[in-house]
1. For segment B:204-217, name all the residues that are in a helix (DSSP H, G or I) and open to solvent by 10 Å² or more (accessible area, probe 1.4 Å).
2. Which residue pairs have Cβ atoms closer than 8 Å, lie 6 or more positions apart in sequence or on different chains, and pair a first residue in segment B:157-172 that is more than 7 Å from chain A (Cβ to nearest Cβ) with a second residue that is among the acidic types (Asp, Glu) and part of a helix (DSSP H, G or I)?
3. If I ask for residues that are part of a loop (DSSP other than H, G, I, E, B) and among the β-branched types (Val, Ile, Thr), which ones from segment B:218-236 would you list?
4. Assuming residue A:75 fulfils every condition listed in (1) at the interface with another protein chain (Cβ under 9 Å from one of its Cβ atoms); (2) closer than 23 Å to residue A:51 by Cβ; (3) open to solvent by 50 Å² or more (accessible area, probe 1.4 Å) apart from one, which condition is it?
5. Scan A:86, A:57 and give me the residue that is within 28 Å of residue A:134 (Cα to Cα) and within 14 Å of chain B (Cβ to nearest Cβ).
6. Kindly indicate which of A:205, A:264 is open to solvent by less than 50 Å² (accessible area, probe 1.4 Å) and modelled with pLDDT under 95.
7. Has segment A:150-172 got any residue that is of a type outside the set (S, T, N, Q), assigned to a strand (DSSP E or B), buried (at least 21 other Cβ atoms within 10 Å of the Cβ) and modelled with pLDDT of 95 or more?
8. I'm trying to understand the selection: among the residues of segment B:173-187, which are without any contact (Cβ under 8 Å) to a residue 12 or more places away in the chain, within 18 Å of residue B:37 (Cβ to Cβ) and at the interface with chain A (Cβ under 7 Å from one of its Cβ atoms)?
Amino acid sequence: MAEMLKIDNIHKTFNAGTINEKVAINGVSFSLEEGDFVTVIGGNGAGKSTTLNAVAGVWPVDSGKIYIGGDDVTKLSEHRRARYLGRVFQDPMTGTATTMSIEENMAIAARRGKKRRLTWGVTKAERETYRSLLKTLDLGLEDRLTSKVGLLSGGQRQAITLLMASIQKPKLLLLDEHTAALDPKTAAKVLEISDKIIADNHLTAMMVTHNMKDAIVHGNRLIMMHEGKVILNISGEEKKKLTVEDLLHQFEKVSGEEFASDKALLS
Amino acid sequence: MAILMFLDPMALVRSMPGAVAQGLIWGIMALGVYITYRLLDFADLTVDGSLATGGAVAVMLIRNGVNPWVSLLVAFLAGMLAGFVTGLLHTALGIPGILASILTQISLYSINLNIMGRSNQAVSVDKYNLVVSLRYISESAKVRIFATCILFCLAIILLLYWYFGTEQGQAIRATGCNPQMARAQGISTNFHIVIALMLSNGLVGLSGALYAQFQGAADVNIGRGAIVIGLASVIIGEVLFSKLCEGKRFAFAYTLLSVIAGAIIYYIVINVVLWLKLPSDDLKLFSAIVVALFLALPYLKGKYMKKEKKSNG
């Protein structure tokens, strides 16, 4: 088993030196083996999404190192790091280009990390590949290859973004609360698709979520964060037996506070 | 009613070929504006400077014995250089886009004066074998000038249609539509912003060079308010023809055609305004009002439509 992601003691403070100073990540370290699917949970401002953005290279970290598939990517800019990563965002608007067609979005994703040349953007052969990939979603999108993505619903867009993230197998799939903006039924469907794509492609994945139940049900590992630190790192058999009550209990024990997010309990 | 007696309908008819030719030439500039404003989502005011640069470069080259066709190519390259500067100011130096383009535009004013040595330079169709000239409009050779202008426009539309279908063109469109998505897909947004600004201003420079030959002179002030004319063309084209283009095969080519059509309509309207003997001093004010109206129209329509049917998600 190869180590796919290694985060080594990273720190990030936003607006350092101003009254808005916020320590977002305060010494986070963990690593993922190939094929690991970790769910990351925690209250608002715990640093979950910030950690994920640090891995994605949205901005440079203040200190610490990040390795993906053994390569030190700490200093790589976001678009250069993209060749290692598949990403799905919280806002369904973020993952796709709305004024472009479904096939164009997929073609752009198929060329992730490659040089953009002056050859035609979507070939006939790939069109067929995309059609069969879309068919696996079972959303009727396979007949709408040339439709603008802007015409699709949030759930459909997240499903397409998931496909896009996996067309070219990434070393690591980053899911940033990607079902939080969807209605419960659609969210369940998108989660189901996520599980399937991760399993079918044997992906290593990291899923940030607000929802404790989702965090327990999905993946083989679970990380809980609080105030920019990892306070819980569970895997294997222990993860399988975990319940929401256990998690709440653990959270109170480690943090000395009550779990502050109503959303996590209610949803 | 009395005023209508002074208006000569034949004069209006006579002015139309000129208006259409002007629309075709400025339509090339409008295509440049379309690239930045619509595809890249970048308000690029470099245009006002690079249009005059294209004209200045072409006229000075022709006066120095360079082939007028070659001068068009060099004007295109000069425009690209202007776009490159705006792109660098924005991406490498972090200056907000609109401000970066204003800085380039202002500096181009001085540069254009330096290129020409004074504020305007003539180039006579009698002395040089120009690509297009106003002079032919009223003569038998007017078929040639229209053929030239139309072929130019069609060739550029064809090239743009191809380019924006390539991997690189798609990367530019993704950058303009959703930079976050673009970066997540490994697209260098900075690189593609610069490329798009260069292509756009290249077309603007080419348009300026054609227009200078058409007019028989280059003028340092020719570009003043060009961006407004470009926007007007883009928006008139959209408002009038977007329904016709939507969902069609080659929809993008039709959209580009509609930009040219928008420019032609703009010049026809301007000619009507002049024909009505409205003071030409007020033309820029009139243009601005037209653009403001057409810009506001889709917004107001959207606002009204939203109230009509709220649930859609």
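1. Of segment B:204-217, the ones in a helix (DSSP H, G or I) are B:204-215.
Across segment B:204-217, the qualifying residues are B:206, B:211, B:215.
2. Within 8 Å, no pair qualifies.
3. Of segment B:218-236, the ones part of a loop (DSSP other than H, G, I, E, B) are B:220-225.
Residues satisfying the conditions are B:220, B:222.
4. (1)
5. Numbers: A:57 fails: within 28 Å of residue A:134 (Cα to Cα).
Testing whether each residue is within 28 Å of residue A:134 (Cα to Cα) and within 14 Å of chain B (Cβ to nearest Cβ) leaves just A:86.
6. Working: A:205 fails: modelled with pLDDT under 95.
After applying the criteria, what remains is A:264.
7. Step one: list which residues in segment A:150-172 are of a type outside the set (S, T, N, Q), which gives A:150-152, A:154-155, A:157, A:159-160, A:162-165, A:167, A:169-172.
Narrowing further to those that are assigned to a strand (DSSP E or B): A:172.
Retained after the next criterion (residues that are buried (at least 21 other Cβ atoms within 10 Å of the Cβ)): A:172.
Next, from what is left, pick out any that are modelled with pLDDT of 95 or more: A:172.
Yes, segment A:150-172 contains a residue that is of a type outside the set (S, T, N, Q), assigned to a strand (DSSP E or B), buried (at least 21 other Cβ atoms within 10 Å of the Cβ) and modelled with pLDDT of 95 or more.
8. Scanning segment B:173-187 gives a single hit, B:178.
The values are calculated or read from the model by the stated rules, or taken from the named source; none is laboratory data. Just so you know, these numbers come straight off a predicted model, no measurement behind them. Using ideal geometry, Cβ is built from the backbone for each residue, glycine included, and neighbour counts are taken over all protein chains shown. In case anyone asks, the SASA skips ligands and DNA or RNA and just uses the protein heavy atoms, side chains included. Shrake-Rupley method; radii C 1.70, N 1.55, O 1.52, S 1.80 Å.
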